[in-house]
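The values are calculated or read from the model by the stated rules, or taken from the named source; none is laboratory data. No experiment lies behind these values; they were computed from the predicted model shown. Positions of Cβ are generated from backbone atoms using ideal geometry, with glycine treated the same way; all protein chains shown enter the neighbour counts. Heads up: the accessible areas ignore ligands, DNA and RNA and are worked out on the full protein's heavy atoms, side chains in. Shrake-Rupley method; radii C 1.70, N 1.55, O 1.52, S 1.80 Å.
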Amino acid sequence: MAAGAPIVEVSRLRKSYGSRLVLDEVNLDVRVGEIVGLLGPNGAGKTTTLSILATLLTADAGEVRIAGYDSRRDAQAIRRRLGFVPQSIALYPSLTAFQNVELFARMHGLGARAARSAAEEALARVGLSNRARDVVSVLSGGMRRRVNLACGIVHRPEILVLDEPTVGVDPQSRERILDTLRELADAGAAIIYSTHYMEEIERLCDRALLIDHGRLIASGTVAELVALAGSRHRMELTFQGKAPARLYDGIAGVSALEPAPSAERMVLLLGDLAQVSRVLERALSAGNRVLEFSLHSPNLSDAFMALTGRALRDNDADSASERGL
Amino acid sequence: MLRTVYLVLRNEFRLLLQDRTALFMLFLAPVVIIAVAGFSLGNMFGVQSSARTFSIPLVDHDHGAIAKAISDGLSREETLRLVTVADDRAARAIVTRNDESPLAIVIPAGVTSAFESGRSAHILIYVDPVKRVEAEGIELRLNALSRGVAARARELAQARLNQTDADVRARVDRLVEQIDALQAQAADYQRRMRRGRATLQETLDARIREEIQRIGARTEAAVQRATAARAATVQEQLSRKQSAMTAVVAYLRQLQVSRRAFEQWLAALKSAAGSHANEIPPPPNWPNPPRAEQLTELSRPIDLAPGRLDLTAPAELANFAIAIPDIPMPPAPRVSLDPRSLLPARPPALPGDLDWRERPLTPGYAEVNSFDQYVPGFGITFLLLDVLWGVSVGLIDERDWGTLQRLRVSGAPVPGLMIGKLAARVLIGFVQLVVLFSLGRLLFGIELGRNPLMLLLPTAAIAFAAASFGLVIAGIARTRDSVLPIGSVAAMTMSAVGGCWWPLNFEPGWMRSVAAGMPTTWTMRAYNDLMIRGLDPTHALWPSAITLALGVAFLGAGVIGAARVYQ
């Protein structure tokens, strides 16, 4: 298909598990060579959406067309064009990386020779050629994730569906995975990428979809979505002793978030990052001892917060620091 | 320190109470296995977990007292039910097929007569080697019964002998009495005979002398008359001869004179005639000779034969008879008792030995190698464990790993995935059993039956059924951890109840009924038929078919149950 043409079209998708509605009127589309991120908290419906796209689940209502095929009637045709990287490390631990990748290549219909060649190529793409003969169980978590990705791309799918493929991986592996996905998209693959790491969305995806409680609450480029959260930066200060009053008086474009979290802490909203130094200077010149301060620019999480009133994750900051981002 | 110990201890118990698998393995699994083993092996320790009645085929070729005694004796056993069948083949078939028939009893023709005549009599028993323990229990009872029958028969025979002895003695006594009487009669007879003989001798002598005298006189008179008649006849004949002779003599004298005269005349004539002699006339006639009868008489010989004596016996002599005087004869001595009656109708004899002899159901399969039971039995157990584990854990692992989901997305058809996984496990289980049987043959000398290739049929069937059951377990056990207790208990229970660890007949009836629904039962039946009973290979067909059918049923249930796993 031509670059930019929609290859995945989903309209009014509904899915329930018993009485629990997990997808409600979801619409989305993905174009050739585009990476679309699916962002939402746990339980938002990301995995269900991807499972329907991967033909593992059937929607209760709505329509899914992939590469022109209806997912209900032409699931096999879709599967031949689809690559799926599940959230779990779907590998045989006692087989080598090569054997795993080669197996799934064969299962996707490649001949023996082609499968071997494709497996070597896929492993090279994820940077594991030198570990191809190691059994999966001895590989690190990040390497397993990369093998997991290799299994999903070994047959060169037109559409690649990834369900949180970077959970728990080291930075090196994450970089490799994200680079690989970008290469694939550049080569013409349409990629649907589910994660609750907004940083990955911001870095990788051409478009993002925000989903919560089974409903698509926003979609667009990252910048478009972040703009939904407003443009003000958030500065949080912790003082030794009581936070000083009137600290930001006279500094244009700075206001305080009321009520303050505590007597020692203060949250300020800044219109410009240049105002940060001014606020700090004033605090220090007044003899206040600042124990800690942090600066937070608007992002997708804020957009999600702005749209839903809830955080994207329970502890976004902690997780971000753990991931070294 | 103590606080730490306490807290750790409490926490361990808290963890244990949260672990249903551990609790299952701690308490329920052992109880299940203990119950199965206890119910199954209770009979070995003499515990009758339930009243069990054995059905014993009985073939009676004898139709005698022994057969009746055995039949009656066994009929009195509450736990035995005799079934009379026509022939040995039918009896063997019952033993082979009926779990309640460990053995069949055959009473050969002539057992009763052999036993009663003092020879050893043998009852034949066809024992199913698979039901050896039950058979031995019945053999013990049969042994006691045989001893009882023999002892009772000896008592009766001894009583008959004693009675016969008394009868014979009484008869002998009577015979002796009669012989004594006979001897007395014989002596009297002898005396009477001597007297009669003397009297007869005297009478005969007198009569003979008298008759001789009378006949002599008569004979002398007859001779004198005959002599006189002959003399007269001779005299008459001599007179006629004499007259004839006189005539002849006279003629002859005259003839002589004439002859001389003629001779003179002739001479004169001739002289006178000279040359005319030829002309001389014929001579004159000679005188007439005597008459012919005279001459015949002269030539007839004189009959000088003596005259015939009239020796015709007088009429009295023709009727001569010597009347033998009547000698009084004593009655002939008789023995009223027939000595043959002293003998009993049949030679008295004590009964012989009565015992039983085992015959194998199949010739050549009398001895049982315990490994014939344990190699297939434990082979099946480990096949179940391995295949159950392989299928169910393999499936759950693939679900948990996500490879199953990934395989589905790859476009591979789900039936193909399931069939591939099951086929692999079936093949692995099949090869496992083949290897175990081969090792069993090499190491323990197990019997592989008439056609070892036929063992492959039940082996394939149980491998298929085990793999299908693995699918069922995969549907029941939701997690990998659950498979171990559920799968292992299921495998061990199926093995134990199905007769893999001990012969099925150890088990009570209700448990055997349960076992009928287990593939292990039918597979072991096939193995037992081929390896222990040595039956025709076709006997493996039906059990293998049932095993396959159960496998298909498991497969159906497993597909339904495992569908959840695949989702």
* So, in region B:403-460, of the ones that are within 14 Å of another protein chain (Cβ to nearest Cβ) and among the small types (Gly, Ala, Ser), which residue ends up nearest to residue B:538 (Cα to Cα)? -> B:424
* **Those strands (runs of 3 or more DSSP E) lying entirely in region A:191-274 with at least 1 residues of a type in the set (Val, Ile, Thr) and under 22 Å from residue A:312 (Cα atoms)** => A:207-212, A:215-220, A:265-270
* Asked: Is it true that residue A:116 is over 24 Å from residue A:172 (Cα atoms), facing chain B (nearest Cβ under 9 Å) and open to solvent by 40 Å² or more (accessible area, probe 1.4 Å)?
  -> no
* Structure fact -> Residue set B:153, B:170, B:157, B:166; condition under 30 Å from residue B:350 (Cβ atoms) and touching a strand residue (DSSP E or B) at 6+ places or on another chain (Cβ under 8 Å); output residue B:153
* Structure fact -> Residues in region A:183-229 that are closer than 21 Å to residue A:86 by Cα, of a type in the set (Val, Ile, Thr) and modelled with pLDDT under 90 total 2
* **Index of the failed condition, residue A:123 passing every other in (1) surrounded by fewer than 23 Cβ atoms within 10 Å (Cβ to Cβ); (2) more than 14 Å from chain B (Cβ to nearest Cβ); (3) touching a helix residue (DSSP H, G or I) at 6+ places or on another chain (Cβ under 9 Å)** => (1)
* Do we find that residue A:28 is within 14 Å of residue A:215 (Cα to Cα), surrounded by 20 or more Cβ atoms within 10 Å (Cβ to Cβ) and at pLDDT 90 or above in this structure? -> yes
* Restrict the check to region B:466-484 and report whether at least one residue is touching a helix residue (DSSP H, G or I) at 6+ places or on another chain (Cβ under 9 Å), within 14 Å of chain A (Cβ to nearest Cβ) and touching a residue at least 40 places away in the same chain (Cβ under 8 Å). => yes
* Which is more than 32 Å from the chain's Cα centre (by Cα), surrounded by 13 or more Cβ atoms within 10 Å (Cβ to Cβ) and on the phi < 0 side of the Ramachandran plot, of A:229, A:252, A:218, A:243? -> A:243
* Asked: Out of region A:31-51, which residues are buried (at least 23 other Cβ atoms within 10 Å of the Cβ) and within 22 Å of residue A:76 (Cβ to Cβ)?
  -> A:49, A:50
* Give B:109, B:69, B:90, B:114 a once-over and let me know the one that is surrounded by fewer than 22 Cβ atoms within 10 Å (Cβ to Cβ) and part of a loop (DSSP other than H, G, I, E, B). => B:109
* With respect to residue A:90, determine if the residue is not in a helix (DSSP H, G or I) and not β-branched (Val, Ile, Thr). => yes
* Filter result (within 8 Å of another protein chain (Cβ to nearest Cβ) and open to solvent by 40 Å² or more (accessible area, probe 1.4 Å)) within region B:393-402 -> B:400, B:401
* Asked: Any residue in region B:13-24 that is of a type outside the set (Gly, Ala, Ser) and under 30 Å from residue B:509 (Cβ atoms)?
  -> yes
* Asked: Hey, any hits in region B:519-531 for a residue that's open to solvent by 20 Å² or more (accessible area, probe 1.4 Å) and over 20 Å from residue B:389 (Cα atoms)?
  -> yes
* Asked: Is there any pair linking a residue in region A:276-305 that is farther than 29 Å from residue A:210 by Cβ to one that is assigned to a helix (DSSP H, G or I) and of a type in the set (A, V, I, L, M), with Cβ under 6 Å and at least six apart or on different chains, and which?
  -> A:290/A:283
* For residues that are over 25 Å from the mean Cα position of the chain (by Cα), open to solvent by 10 Å² or more (accessible area, probe 1.4 Å) and not hydrophobic (A, V, I, L, M, F, W, C), scanning just region A:85-102, find the one that is farthest from the other protein chains (Cβ to nearest Cβ). => A:96
* Residues (open to solvent by 60 Å² or more (accessible area, probe 1.4 Å) and touching a helix residue (DSSP H, G or I) at 6+ places or on another chain (Cβ under 9 Å)) located in region B:137-191 -> B:141, B:152, B:167, B:171
* **Subset of region A:54-84 [outside any loop (DSSP other than H, G, I, E, B), within 11 Å of chain B (Cβ to nearest Cβ) and touching a helix residue (DSSP H, G or I) at 6+ places or on another chain (Cβ under 8 Å)]** => A:79, A:82, A:83, A:84
* Does residue A:82 satisfy being among the aliphatic types (A, V, I, L, M), buried (at least 24 other Cβ atoms within 10 Å of the Cβ) and either farther than 19 Å from residue A:145 by Cβ or assigned by TED's automatic domain parsing to the domain that holds residue A:162 (or both)? -> yes
* Asked: Among B:551, B:499, B:558, which is the only one that is open to solvent by less than 20 Å² (accessible area, probe 1.4 Å) and in contact with a Phe, Trp or Tyr (Cβ under 6 Å, 6 or more places away or on another chain)?
  -> B:551
* Quick one: count up the residues across region A:146-165 that are charged (D, E, K, R), open to solvent by 10 Å² or more (accessible area, probe 1.4 Å) and touching a Leu at 6+ places or on another chain (Cβ under 8 Å). => 2
* To do: Determine which member of the set B:182, B:140 is over 30 Å from residue B:106 (Cβ atoms), aliphatic (A, V, I, L, M) and at pLDDT 85 or above.
  => B:182
* Structure fact -> Selection over region B:502-515 where residues are polar (S, T, N, Q) and open to solvent by less than 30 Å² (accessible area, probe 1.4 Å) yields a count of 1
* **For residue B:484: the one exception among (1) open to solvent by 30 Å² or more (accessible area, probe 1.4 Å); (2) farther than 28 Å from residue B:420 by Cβ** => (2)
* Asked: So which residues in region A:43-84 are at positive phi and within 19 Å of the chain's Cα centre (by Cα), if there are any at all?
  -> A:43, A:45
* Asked: Which of the residues spanning region A:260-274 are over 16 Å from residue A:244 (Cβ atoms) and free of Cβ contacts under 8 Å to residues at least 40 places away in the same chain?
  -> A:269, A:270, A:272, A:274
